[in-house]
Amino acid sequence: MKYKDKIKGLFKEEIFFEDKLILLSNSSTFDNQNQTNDTFTEKWKELDKKVDGEEYNFESYQKKWFLELYGFSSEKELGNFLKGKIIIDAGCGLGYKSNWFASLAPDSLVIGIDFSNSVILASKKYKNVENLYFVQGDIAETKIKLNSINLVICDQVIMHTENPDLTFNHLSNLLTPDGQFCCYVYSKKALPRELLDDYFRNETHKLTNDQIWELSEQLTELGKRLQELNVKINSPEIPLLGIKAGEYDIQRFIYWNFIKCFFNEELGKETSIATNFDWYSPSNAKRFSESEFIEMINNNHLEIEYFHIEEACYSGRFKKI
Ligand SMILES: C[S@@+](CC[C@H](N)C(=O)[O-])C[C@H]1O[C@@H](n2cnc3c(N)ncnc32)[C@H](O)[C@@H]1O
């Protein structure tokens, strides 16, 4: 009960609880956002059904990665950072990370928000976690009061929103004066890969979910077979195509420069297929250059506390100034 009153105070409008779920708005006015929501509803439903046995690997892989993405040396350090905060997990998907945050810091309040139906599953699965609630709604317009959230976590999400710059601005405005923001964006890749990715974003509307699952299975198989070759290539620099010089495993070389054909033995086949589906299905999937990301951070009066660069993404922890 103590949390319900606190949550009511955070919202600009009257809210109602259905157990641990708060329903605000169910749809966007944008076709691409609605398509993106539907594909994630589909992904989470399938992943929830299929991963049996792979779920643990997927979650522990993601948690370990989260620590790297946002500069925490251990779960303990993350727990200390989360302590006593009001936290939103913006675009929480199945909510396992929201649950992780709530469990690492039992004196915090965590609200997971997602536009897809995943939050309905999450609110049931984690109903016994006292300091954890879920909201179905748009992270670009959360209906949460400005200056009320100590920490916004938006992990692997913002590029799927209709206008990532506006979403980032909205989420920054929710922060209290000393509030912090953990955010991740996709990076721009080599030109052939970008062109193919853009082509698929546009084509997605014409394909059924079954067709995209089928494509994802085929690409997973391609990735697996390329990995099994165990061949390295020493590529020249090709600046006009954005291809960097260096020695690559052949699967990685094709993956970064031409086509996403994800396969990870440790994660398992079904999770790899879902990862490919996740890439090819949503219409909204903006990629940023490093300078575009930094400009967005600066424009929203945030300073960088930690910045992380990977081949596929940029991420970091930013503080309101
Ligand atoms: C790749 S998943 C990441 C999920 C989770 N953060 C994680 O790291 O496991 C992206 C999620 O963002 C959600 N999403 C995309 N656009 C959204 C929006 N405008 N409002 C709320 N959620 C959104 C999708 O429904 C999906 O669950």
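Side notes on the structure shown:
- All positions within the range 97-119 that are more than 7 Å from the ligand (Cβ to nearest atom), of a type in the set (A, V, I, L, M) and in contact with an Asp or Glu (Cβ under 9 Å, 6 or more places away or on another chain): ALA102, LEU104, VAL110, ILE111
- Verdict on ASP38 being acidic (Asp, Glu) and within 16 Å of the ligand (Cβ to nearest atom): yes
- Within the range 267-321, tally of residues that are among the hydrophobic types (A, V, I, L, M, F, W, C), touching a Lys or Arg at 6+ places or on another chain (Cβ under 9 Å) and assigned to a helix (DSSP H, G or I): 4
- Matching residues in the range 73-96 - criterion: being within 11 Å of the ligand (Cβ to nearest atom) and either among the aliphatic types (A, V, I, L, M) or more than 25 Å from ALA274 (Cβ to Cβ) (or both): ILE88, ALA90, LEU94
- Looking only at residues of the range 275-321 that are modelled with pLDDT of 95 or more and among the basic types (Lys, Arg), we find that the one that is surrounded by the fewest Cβ atoms within 10 Å (Cβ to Cβ) is LYS319.
- Residue satisfying condition, being surrounded by fewer than 23 Cβ atoms within 10 Å (Cβ to Cβ) and among the aromatic types (Phe, Trp, Tyr), within set TYR126, TYR133: TYR126
- Of residues in the range 71-98 being over 13 Å from the mean Cα position of the chain (by Cα) and in a helix (DSSP H, G or I), the one farthest from ALA140 (Cα to Cα): LYS76
- In the range 195-202 there is no residue that is under 17 Å from PHE58 (Cβ atoms), more than 16 Å from the ligand (Cβ to nearest atom) and touching a residue at least 60 places away in the same chain (Cβ under 8 Å).
- Residues satisfying the stated conditions in the range 154-172, i.e. part of a helix (DSSP H, G or I), near the ligand (Cβ under 8 Å from one of its atoms) and polar (S, T, N, Q): THR167
The values are calculated or read from the model by the stated rules, or taken from the named source; none is laboratory data. Every value quoted in this text rests on a predicted model; they were computed, and no experiment measured them. Positions of Cβ are backbone-derived with ideal geometry, glycine not excepted, and every protein chain shown enters the neighbour counts.
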